[in-house]
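Chemist: Mind having a look at this structure? Questions to follow.
The values are calculated or read from the model by the stated rules, or taken from the named source; none is laboratory data. Just so we're clear, the structure is a prediction, and the values are computed from it rather than from any experiment. So basically every Cβ, Gly included, is an ideal-geometry build from the backbone, and we count neighbours across all protein chains shown.
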Amino acid sequence: MLNITLPDGSVRQFVDGATGYDVAAGISEGLARNALGVRVNGEVRDLHRPIEQDAQVAILTWNDPEGKASFWHSSAHLMAEALEALYPGVKLGIGPSIENGFYYDIDLGEGRSISTDDLPEVEKKILELAKKKSQFERKEVSKADAIAYFTEKQDPYKLDLLERLEDGSITFYTQGDFTDLCRGPHIPDTSPIKAVKLLNVAGAYWRGDEKNKQLTRIYGITFPKAKELTEYLERLEEAKRRDHRKLGKELELFTFSEKVGAGLPLWLPKGTALREKLEQFLRRAQLRAGYQPVVTPHIGSKELYVTSGHYEKYGADSFQPIKTPNPGEEFFLKPMNCPHHCEIYKSKPRSYRDLPVRLAEFGTVYRYEQSGELHGLTRVRGFTQDDAHIFCRPDQVKEEFLKVIDIVLYVLKALDFPDFTAQISLRDPENKAKYIGSDENWEKAERAIIEAAAEKGLTTVTELGEAAFYGPKLDFMVRDAIGRKWQLGTIQVDYNLPERFELEYVAPDNSRQRPVMIHRAPFGSLERFVAVLIEHCGGNFPLWLSPEQFAVLPISEKYHDYAQQVYDQLVQADLRGTVDHRDEKIGRKIRDAEVSKVPYMLIVGEKEQAEGIVSIRRHGQGDVGAMPIGAFIADFQQQVSDLMDGKSVG
């Protein structure tokens, strides 16, 4: 008999060779009906695969991320089967599940192509095949047999994949008339796939290498219910309305120029105001927390990045080196700020009494992203990180971690990101060789992160094997207003750079010790953070952050002087805005201010001038009354104070 431990801690016995389906059926008929896969001792498997020994087992359904991943990976296979039926001779690359749906890279051959106009026919074929209820059958295959199979099919991409696989680790999956090279896992059969939408067609180089052939990538998504597909497509439409590239142009925040260069954003006045406000906000928080601002160059010598290891890691993705008249002297646009900060730390002797040293910089870095991967502000070639590096003693790591968490939580609260999970990324205990540092240091660092997250009451998930090679980390995974997940904010513990740069401090016994280095960036990249913020709030920024907080709208030219007086008082109170002096009707001025998402429109005419008041219109709400200018300023400042304290949202 097998002893099966369920997620609630209970133990049930099943006969040897029982499957995940048997376990699900033993729990309830409904669970067996909805089961898509099974997790056995942490490994996600096919539901009908036998369980060989006593194990911890969890049944996976559509409500589990792993269940969705198996569902969408199986859908990718179903799409490939449909494509083989509709486009005989098509060659297949890879077809994984992704966060929302799946894709498959295909080669239709010379003279053939597929466009979005062709996708409905493929969707129809997918649903036709799904109704056949074909089982996904797993088969272990020798490398020789696998090579023979795909040689006969004349599929160079599968043969390329097989070159890197070891004999004894190769499996095929078959459903209906389609067989693919695949590790799995898959759902039991095709019948749960009830709704499908193929979303778009793009180009993708084989293995992501520009030197290889460009394949056609088809993205899609499937659901077990048509209603869920409808809801997803509605969210997609909302995402299009919130697209930061669209709103960035409409709100005059940023632009790009071919002459300046792809992936190099130009910040317009309103976008600059937004960006500077974010910087000021975090600078104040950092000063209060004991950080020291520093500034480092945009370039550094090749030797600096060889020492740090970034040349080895990012050298191929960097811009070409900058050569000087001196033979052998080379510089690079910096890919990271941390090597520069290590040299600042090293610029003078440090005592244990000096630690922690907290260095902060809004430093711009550069990486050569492939042109096909550039995307608005979320993927650029030059971006500014809100970088800080804390150099501390090992016994200070937990305390410093707690303080950094406080800053991240402060940022998320002030910018109205209440829905987030903290991912604790630890090293793989089964493969310690790929990490540097002693077991003792790793255990201390991991324990410090786990304890700090628990003390702050964070909702956490733990991922083994996701640590950086130099230390564990904590990433903040945030959901935006329409449910999409973004990684914002990271804290990393590093034993690597202090070793590489030979950083030291004098301990109480006069011995020389290595400090521990903590990397942290609550925003991450300002460019990417602004993009996420735009889409999260749909361009309706929090009042304290809005680049244009008010617009004074005189009804006619007669009231321009009074409008200017109102404007001057508001600016004196540190409010940001404009006066609309155009010779337009008030209705047009209001519409334009609404489109520009200006939070407050202050309308002034004869009555307002006579009584020293302003008539107030709130964006998205309409008229909200009239009041003296001083009262409006006081009310406005109170709202901003409440927002910063997290007492209200706006």
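Chemist: Name every residue in the stretch 253-272 that is farther than 15 Å from Gly376 by Cβ, surrounded by 13 or more Cβ atoms within 10 Å (Cβ to Cβ) and out of contact with any Asp or Glu (no Cβ under 8 Å at 6 or more places or on another chain), in order of residue number.
Modeler: Thr272
Chemist: Among the residues of the stretch 306-327, is there at least one that is part of a loop (DSSP other than H, G, I, E, B), of a type outside the set (Phe, Trp, Tyr) and buried (at least 20 other Cβ atoms within 10 Å of the Cβ)?
Modeler: Looking through the stretch 306-327, none of the residues is part of a loop (DSSP other than H, G, I, E, B), of a type outside the set (Phe, Trp, Tyr) and buried (at least 20 other Cβ atoms within 10 Å of the Cβ).
Chemist: Still on this structure, please answer the following. Do we find a residue being out of contact with any strand residue (DSSP E or B) (no Cβ under 8 Å at 6 or more places or on another chain) and of a type in the set (D, E, K, R) anywhere in the stretch 185-201?
Modeler: There is no residue in the stretch 185-201 that is out of contact with any strand residue (DSSP E or B) (no Cβ under 8 Å at 6 or more places or on another chain) and of a type in the set (D, E, K, R).
Chemist: Any chance the stretch 355-370 includes a residue that's touching a strand residue (DSSP E or B) at 6+ places or on another chain (Cβ under 9 Å), outside the structural domain of Lys211 (by TED's automatic domain parsing), surrounded by 20 or more Cβ atoms within 10 Å (Cβ to Cβ) and of a type in the set (Gly, Ala, Ser)?
Modeler: yes
Chemist: Mind checking which residues of the stretch 379-418 are over 23 Å from Gln280 (Cβ atoms) and more than 18 Å from the chain's Cα centre (by Cα)?
Modeler: Phe391, Cys392, Arg393, Pro394, Asp395, Gln396, Val397, Lys398, Glu399, Glu400, Phe401, Leu402
Chemist: Looking only at strands (runs of 3 or more DSSP E) that fall completely inside the stretch 556-631, which ones have 1 or more residues that are touching a residue at least 40 places away in the same chain (Cβ under 8 Å)?
Modeler: Here the list reads 600-604, 613-618.
Chemist: I've got another one for you. Do we have any residue at all in the stretch 489-497 that's in the same structural domain as Glu430 (by TED's automatic domain parsing) and exposed (fewer than 15 other Cβ atoms within 10 Å of the Cβ)?
Modeler: no
Chemist: I want to confirm something. Restricting to the stretch 504-515 and keeping residues that are within 27 Å of Phe469 (Cβ to Cβ) and touching a residue at least 24 places away in the same chain (Cβ under 8 Å), which single residue is surrounded by the fewest Cβ atoms within 10 Å (Cβ to Cβ)?
Modeler: Ranking the qualifying residues of the stretch 504-515, first place goes to Ala507.
Chemist: Kindly list the number of the only condition in (1) assigned by TED's automatic domain parsing to the domain that holds Thr19; (2) β-branched (Val, Ile, Thr); (3) at pLDDT 95 or above that fails for Val122.
Modeler: For Val122, the exception is condition (1).
Chemist: Restricting to the stretch 277-306, and then to whatever is β-branched (Val, Ile, Thr) and over 19 Å from Phe391 (Cα atoms), can you tell me which residue is modelled with the lowest pLDDT?
Modeler: That would be Val306.
Chemist: Looking at the stretch 516-545, which of its residues are in contact with a Ser or Thr (Cβ under 7 Å, 6 or more places away or on another chain) and either free of Cβ contacts under 8 Å to residues at least 12 places away in the same chain or assigned to a loop (DSSP other than H, G, I, E, B) (or both)?
Modeler: The answer is Gly524, and nothing else.
Chemist: How many of the residues making up the stretch 308-336 are of a type outside the set (Lys, Arg) and under 20 Å from Gln385 (Cβ atoms)?
Modeler: 14
Chemist: Something else: Please specify each residue of the stretch 607-640 satisfying the condition of being surrounded by 15 or more Cβ atoms within 10 Å (Cβ to Cβ) and among the charged types (D, E, K, R).
Modeler: Those that are surrounded by 15 or more Cβ atoms within 10 Å (Cβ to Cβ) and among the charged types (D, E, K, R): Glu608, Arg617.
Chemist: Just to confirm my filter: which helices (runs of 4 or more DSSP H) fall fully inside the stretch 1-113 and include at least 3 residues that are free of Cβ contacts under 8 Å to residues at least 40 places away in the same chain and either of a type in the set (Val, Ile, Thr) or under 20 Å from Thr222 (Cα atoms) (or both)?
Modeler: Answer list for the stretch 1-113: 65-86.
Chemist: Of all the residues that make up the stretch 513-571, how many are aromatic (Phe, Trp, Tyr) and closer than 30 Å to Arg500 by Cα?
Modeler: Looking only at the stretch 513-571, we keep the residues that are aromatic (Phe, Trp, Tyr), and these are 523, 529, 541, 544, 550, 559, 562, 567.
Still in the list and also closer than 30 Å to Arg500 by Cα: 523.
So the count comes out to 1.
Chemist: Moving on to the next point. Restricting attention to the stretch 214-234, which residues are of a type in the set (A, V, I, L, M, F, W, C) and in a strand (DSSP E or B)?
Modeler: Leu215, Ile218, Ile221, Phe223, listed by residue number.
Chemist: Please specify each residue of the stretch 134-192 satisfying the condition of being part of a loop (DSSP other than H, G, I, E, B) and of a type in the set (Val, Ile, Thr).
Modeler: Val141, Ile170, Ile187, Thr190
Chemist: Follow-up. Within the stretch 127-149, restricting attention to residues that are touching a helix residue (DSSP H, G or I) at 6+ places or on another chain (Cβ under 8 Å) and under 23 Å from His48 (Cβ atoms), which residue is surrounded by the fewest Cβ atoms within 10 Å (Cβ to Cβ)?
Modeler: Val141
Chemist: If you don't mind, another one. When only residues in the stretch 282-302 that are surrounded by 13 or more Cβ atoms within 10 Å (Cβ to Cβ) and part of a helix (DSSP H, G or I) count, which is nearest to the chain's Cα centre (by Cα)?
Modeler: Taking the candidates together, the pick is Leu282.
Chemist: Say whether the condition of being farther than 30 Å from Asn510 by Cβ, touching a Gly at 6+ places or on another chain (Cβ under 8 Å) and surrounded by fewer than 18 Cβ atoms within 10 Å (Cβ to Cβ) is met by at least one residue in the stretch 400-413.
Modeler: Scanning the stretch 400-413, I find at least one residue that is farther than 30 Å from Asn510 by Cβ, touching a Gly at 6+ places or on another chain (Cβ under 8 Å) and surrounded by fewer than 18 Cβ atoms within 10 Å (Cβ to Cβ), so the answer is yes.
Chemist: Right, next: If Pro547 satisfies every condition in (1) over 30 Å from Lys485 (Cβ atoms); (2) buried (at least 19 other Cβ atoms within 10 Å of the Cβ) but one, which is the exception?
Modeler: Of everything listed in (1) over 30 Å from Lys485 (Cβ atoms); (2) buried (at least 19 other Cβ atoms within 10 Å of the Cβ), Pro547 misses just condition (1).
Table: residues versus (1) buried (at least 22 other Cβ atoms within 10 Å of the Cβ); (2) of a type outside the set (Asp, Glu); (3) in contact with a helix residue (DSSP H, G or I) (Cβ under 9 Å, 6 or more places away or on another chain).
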{"site": "Gln565", "(1), (2), (3)": "no, yes, yes"}
{"site": "Arg576", "(1), (2), (3)": "no, yes, yes"}
{"site": "Asp583", "(1), (2), (3)": "no, no, yes"}
{"site": "Arg588", "(1), (2), (3)": "no, yes, no"}
{"site": "Lys597", "(1), (2), (3)": "no, yes, yes"}
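Chemist: Kindly indicate which of Val380, Val397 is aliphatic (A, V, I, L, M), more than 23 Å from Glu276 (Cβ to Cβ) and not assigned by TED's automatic domain parsing to the domain that holds Lys211.
Modeler: Values: Val380 fails: more than 23 Å from Glu276 (Cβ to Cβ).
Exactly one residue qualifies, and that residue is Val397.
Chemist: Now for a different question. Select the helices (runs of 4 or more DSSP H) contained entirely in the stretch 386-503, then report the ones holding at least 3 residues which are free of Cβ contacts under 8 Å to residues at least 40 places away in the same chain, out of contact with any Leu (no Cβ under 8 Å at 6 or more places or on another chain) and of a type outside the set (Ser, Thr, Tyr).
Modeler: By residue number, 439-455.
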